[in-house]
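**Student:** Before I ask anything, let me first share the structure, which is written out below as structure tokens.
The values are calculated or read from the model by the stated rules, or taken from the named source; none is laboratory data. Owing to the predicted nature of the structure, the values given are computational and were not obtained by experimental measurement. With ideal geometry, Cβ positions are generated from the backbone for all residues, glycine too; neighbour counts draw on all protein chains shown. Areas reflect the complete protein model, heavy atoms only, side chains present, ligands, DNA and RNA absent. Shrake-Rupley method; radii C 1.70, N 1.55, O 1.52, S 1.80 Å.
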Amino acid sequence: MKVTFPHMGNIYIPLKSFFESLGVEVVVPPPCSKKTLELGVKYSPEFACLPLKINLGNFIEALEDGADTIVMAGGIGPCRFGYYAEVQREILKDLGFEFNMVVLEPPKGHLLELIHKLIMVTNKKKHTYRDILEAGKLAWEKALLLDELDVLACKARPREASTGATDKCYKIAIEMIERTKETGKIKQVQKEIKMMFHDIKTTVNLPRIGIIGEIYTVLEPFVNLNIEKQLGEIGVEVYRSIYITDWIRHNLLPSFIKPREHKMLLEMSKPYINCFIGGHGQETVAQVARFAGEGFNGVIQLLPFTCMPEIVAKSVLSSVSKHYSIPVMTLVLDEHAAEAGFRTRLEAFVDMINHKSEVESLDEVFTWN
């Protein structure tokens with residue numbers, strides 16, 4: 001058995017660690033690229049979400065590299081994510097690929113059911129629940145450290161004295177995390193990574209922008225045209241509304257493990273959206289209020305073209321923006337998105353934020369669509 005899965009930011013690192021800890025061979029798809037996108041666009045329905053297209057490209061590349069088992073998350077609610085696996089399975093079969101697809105549906109409180117499915121994926125009866133939990137612990141520790149690494153990089157990049165220093169440290173840190181095979185060594189790796197970034201950070205105060213929106217476009221740098229790096233290069237400190245571990249909590253953990261803070265966050269969206277609309281639509285609205293309350297200077301919403309939950313969220317962001325006096329810009333991404341125009345919009349938005357900071361009061365706060 002050779003297992004593969006979609007690319008979404010750095011999530012391949014904990015997933016690879018998890019399966020290899022259980023003796024399963026892993027075929028990691030090549031990093032998302034123009035070729036990945038072209039393959040996905042060529043064989044996907046025209047109006048399918050961009051993440052579906054990219055994931056399909058991931059699977060084609062991985063199957064061509066020898067993978068025979070695809071692990072894919074499932075979903076519930078109005079978001080089309082719940083149909084991705086079924087659509088992708090049929091497309092890949094029509095293309096002549098032979099493979100097994102395992103869909104990890106949200107456990108809905110049945111943790112043992114999820115663990116049983118993971119044991120099935122490993123295809124080894126000798127694995128116990130304990131084996132699965134130990135492998136999961138190492139993967140979880142890596143995921144937490146990767147999230148911390150991303151926060152450190154976004155703080156350091158706009159403050160670095162030498163151009164490229166952050167990217168160099170980031171690359172080294174990723175390699176260190178990938179090489180770590182024992183949970184007990186994670187703390188030491190964490191300490192070494194913090195020391196690397198401590199050397200390039202300064203105390204300069206900079207504008208802070210929160211990134212919100214559909215999870216895949218927020219987490220995958222190829223899809224969002226490296227928005228975190230681009231904003232860092234023009235002097236902005238960036239924070240995401242969602243990280244790898246949030247995806248794991250939302251998709252693979254039972255409801256009783258999910259943090260209470262998440263339920264409290266959703267309460268902030270109720271004046272505007274008071275029910276589940278699929279995906280992270282409610283969270284998108286609530287995160288604007290949270291970022292405003294934490295003193296952020298602006299918020300950028302990312303969504304793939306035709307994403308229903310984020311389109312619904314976008315429809316109320318103008319009201320949220322005005323209520324909390326925080327600028328919000330929406331960027332819609334598809335296969336035609338170009339870096340040049342993207343960078344221009346980012347620079348204009350940051351210029352507006354800087355101007356707002358220089359003025360004591362404004363009559364109106366703009367929401368950019």
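**Student:** Restricting the stretch 258-285 to residues that are open to solvent by less than 30 Å² (accessible area, probe 1.4 Å), part of a loop (DSSP other than H, G, I, E, B) and at pLDDT 90 or above, which is nearest to E347 (Cα to Cα)?
**Tutor:** Among those residues, the one meeting the criterion is S269.
**Student:** Within the stretch 9-35, count every residue that is β-branched (V, I, T) and in contact with a Pro (Cβ under 8 Å, 6 or more places away or on another chain).
**Tutor:** So the answer is 0.
**Student:** Also: Do we find that S241 is touching a strand residue (DSSP E or B) at 6+ places or on another chain (Cβ under 9 Å) and modelled with pLDDT under 95 in this structure?
**Tutor:** yes
**Student:** Let me ask something else about it. Can you spot a residue in the stretch 214-224 that is open to solvent by 10 Å² or more (accessible area, probe 1.4 Å), under 21 Å from P327 (Cβ atoms) and in contact (Cβ under 8 Å) with a residue 12 or more places away in the chain?
**Tutor:** Yes, the stretch 214-224 contains a residue that is open to solvent by 10 Å² or more (accessible area, probe 1.4 Å), under 21 Å from P327 (Cβ atoms) and in contact (Cβ under 8 Å) with a residue 12 or more places away in the chain.
**Student:** Determine which single condition R249 fails, assuming it passes every other condition in (1) modelled with pLDDT under 95; (2) surrounded by fewer than 19 Cβ atoms within 10 Å (Cβ to Cβ); (3) not in a helix (DSSP H, G or I).
**Tutor:** (3)
**Student:** Looking only at the stretch 62-79, decide whether some residue is open to solvent by less than 10 Å² (accessible area, probe 1.4 Å), touching a His at 6+ places or on another chain (Cβ under 8 Å), assigned to a helix (DSSP H, G or I) and touching a residue at least 24 places away in the same chain (Cβ under 8 Å).
**Tutor:** No - not one qualifying residue is present in the stretch 62-79.
**Student:** Take the residues in the stretch 286-299 that are open to solvent by less than 10 Å² (accessible area, probe 1.4 Å) and in contact with a Phe, Trp or Tyr (Cβ under 7 Å, 6 or more places away or on another chain), then tell me which one is farthest from V350 (Cα to Cα).
**Tutor:** Filtering first and then ranking leaves A289.
**Student:** Run down V41, V24 and say which single residue is surrounded by fewer than 22 Cβ atoms within 10 Å (Cβ to Cβ) and either of a type in the set (K, R) or closer than 24 Å to G279 by Cα (or both).
**Tutor:** Selected residue: V41, the only one of V41, V24 that is surrounded by fewer than 22 Cβ atoms within 10 Å (Cβ to Cβ) and either of a type in the set (K, R) or closer than 24 Å to G279 by Cα (or both).
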